[in-house]
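Note sheet for the following structure.
The values are calculated or read from the model by the stated rules, or taken from the named source; none is laboratory data. Model, not experiment: these values are computed from the prediction. Virtual Cβ from ideal backbone geometry, glycine too; neighbours counted across all protein chains shown.
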Amino acid sequence: MNEKTFGEVYSSWKEAKKEFVKRSTLSVYTLLAEKHLLPTFGQRTDIREDDAQTLVLQKISEGLSHKSVKDIMIVLKMVMRFGIKTGWAVNTEWDIKYPKEHRKQGLKVLTTSEQRRIMDFLAQHMSYRNLGIYICLSTGMRIGEICALKWSDINISDRVINVQRTIERIYITDADHRHTEVAEGPPKTVNSIREIPIGMQLIKMLRPIMKIVYHDAYILTNDTKPLEPRLYHNYYNNMIRRHNLPRINFHGLRHSFATRCIESKCDYKTVSIILGHANISTTMNLYVHPGIDQKRKCIDRMMRVLR
C-alpha cells in the first residue's frame, strides 16, 4: 500500500475515465465524488469496508434516497478498482448492506382522464413549448430529447420522429474552476437513438406548423438556439400551477405515456423500444404503473374465470 491519498487516486481515475465515458456521464461521477466522497475520504490513504458502510448509513440518515446512496457507492467502487489496478489498494470484496426501505418510493402517473385533460388544454393553447409537452405525452420522450428536437427530426410523410440527440446541463471542473454548462450530445444510450411513430392527432397539429417553421430550428424555440431542460422544466411547472392542471413531475409524463401503452395492450418489447430502453425489465420495473381501474379489471377477469 503506497501513501497516495484517495483524492490523488480519484484525480488519476478521473483523467483515465475521460477516454471511455460520455462527458455528461463523467460530470455525474464528478459531482457525486466531490460532494460526498472527497469530503469524507479525500485525505485518507486507506479505505475499508466498514468505512464505506459507515458512509452509507450516514448518507441515508441525512435523507438521501437509497438510489442516490447506491450511485455514490458505484463511483467509490470504480475508484477503488482503479486503485487496485495501480497498486494503491488490495483486492478485497465489500459486502455493503442497506437498511430496509419502509416506504415505497413511486413517481406519480396521470390517470387517463388527467392525461386527456392536459392534452386537451395543450391543444387549445398551442405554442412551441406547449407542443413539446404534447409530444412528450404522445411519444414518451425524455425532457432533454424534447429540448434537442429539431423540426428536421420530424418526418411528416413517414410519420416518425427521429431521436438522435439530447441537451443537458453538466458539471465541469477545470483545475480549481467549477461551473456548469449546457451541452448537446447523443442520447442517454445507444438504444435511445430511435424512431418513434407519430399518431394521427399529433400529425394534424404538426402538418400546418411544419409549413412555416425554419427547418433546422429547435421546436421549443423555433430558433437555432435551444431551450435548456432546467428552464423548460420551470416553464412546465408554472403552466401546470397557473392553469390548475393535474400536478405531476415532467418525467411523470413519460411514465404516463408508458402506462397508457400497456393499458392499451401494447406488447412490452415494443413499448421498451419506443422508450429507448436496453431491455424490457427496465420498462416493467420503472415505467409500468397499473392503476386502480386496471387492477379492478384484472380481478373481474379472474372472477369470471372462476364462475
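Brief remarks on what is shown
- The lone exception for LEU231 - which of (1) without any contact (Cβ under 8 Å) to a residue 12 or more places away in the chain; (2) outside any strand (DSSP E or B); (3) over 22 Å from SER127 (Cβ atoms) it fails: (3)
- Residues that are basic (Lys, Arg) and within 23 Å of GLU181 (Cα to Cα) within region 1-39 comprise LYS14, LYS17, LYS18, LYS22, ARG23, LYS35, listed in sequence order.
- Flag: VAL163 does not match the condition of being closer than 25 Å to LEU32 by Cα, of a type in the set (A, V, I, L, M, F, W, C) and under 21 Å from the mean Cα position of the chain (by Cα).
- Selected residue (criterion: surrounded by the most Cβ atoms within 10 Å (Cβ to Cβ)) from residues of region 43-56 that are of a type in the set (Val, Ile, Thr) and in a helix (DSSP H, G or I): VAL56
- VAL163 being assigned by TED's automatic domain parsing to the domain that holds THR139 and surrounded by 15 or more Cβ atoms within 10 Å (Cβ to Cβ): yes
- Inside region 205-226, residues that are more than 12 Å from LEU131 (Cα to Cα) and part of a helix (DSSP H, G or I) make up a count of 3.
- Scan of region 1-29 for residues that are β-branched (Val, Ile, Thr), buried (at least 16 other Cβ atoms within 10 Å of the Cβ) and under 24 Å from GLY87 (Cβ atoms), ordered by number: THR5, VAL9
- Of the residues making up region 102-119, at least one is under 30 Å from ILE47 (Cβ atoms) and either outside the structural domain of LYS225 (by TED's automatic domain parsing) or not in a loop (DSSP other than H, G, I, E, B) (or both).
- Count of region 231-253 residues which are of a type in the set (Lys, Arg) and modelled with pLDDT under 95: 1
- Those residues of region 71-112 which are of a type in the set (Ser, Thr, Tyr), surrounded by 10 or more Cβ atoms within 10 Å (Cβ to Cβ) and more than 22 Å from the chain's Cα centre (by Cα), in sequence order: THR86, TYR98, THR112
- Test: residue in region 46-63 that is of a type in the set (Ser, Thr, Tyr) and under 25 Å from THR180 (Cα atoms): no
- Tallying residues that are surrounded by 15 or more Cβ atoms within 10 Å (Cβ to Cβ) and either under 17 Å from ILE118 (Cα atoms) or polar (S, T, N, Q) (or both) within region 223-237 yields 4.
- Here ARG304 meets each of (1) at pLDDT 75 or above; (2) in contact with a Leu (Cβ under 9 Å, 6 or more places away or on another chain) with one exception, condition (2).
- Restricting attention to region 57-70 and to residues that are assigned to a helix (DSSP H, G or I), without any contact (Cβ under 8 Å) to a residue 40 or more places away in the chain and more than 21 Å from the chain's Cα centre (by Cα), the residue that is surrounded by the most Cβ atoms within 10 Å (Cβ to Cβ) turns out to be LYS59.
- Looking across ILE146, ILE133, ILE170, one residue alone is assigned to a helix (DSSP H, G or I), of a type outside the set (Lys, Arg) and under 15 Å from the mean Cα position of the chain (by Cα). It is ILE146.
- Residue within region 156-174 that is touching a strand residue (DSSP E or B) at 6+ places or on another chain (Cβ under 8 Å), farther than 30 Å from ASN244 by Cβ and hydroxyl-bearing (Ser, Thr, Tyr) present: yes
- Residue satisfying condition, being within 26 Å of the chain's Cα centre (by Cα) and closer than 26 Å to LYS100 by Cβ, within set LEU26, LEU32: LEU32
- Condition met for MET119 (free of Cβ contacts under 8 Å to residues at least 24 places away in the same chain, farther than 22 Å from THR5 by Cα and hydrophobic (A, V, I, L, M, F, W, C)): yes
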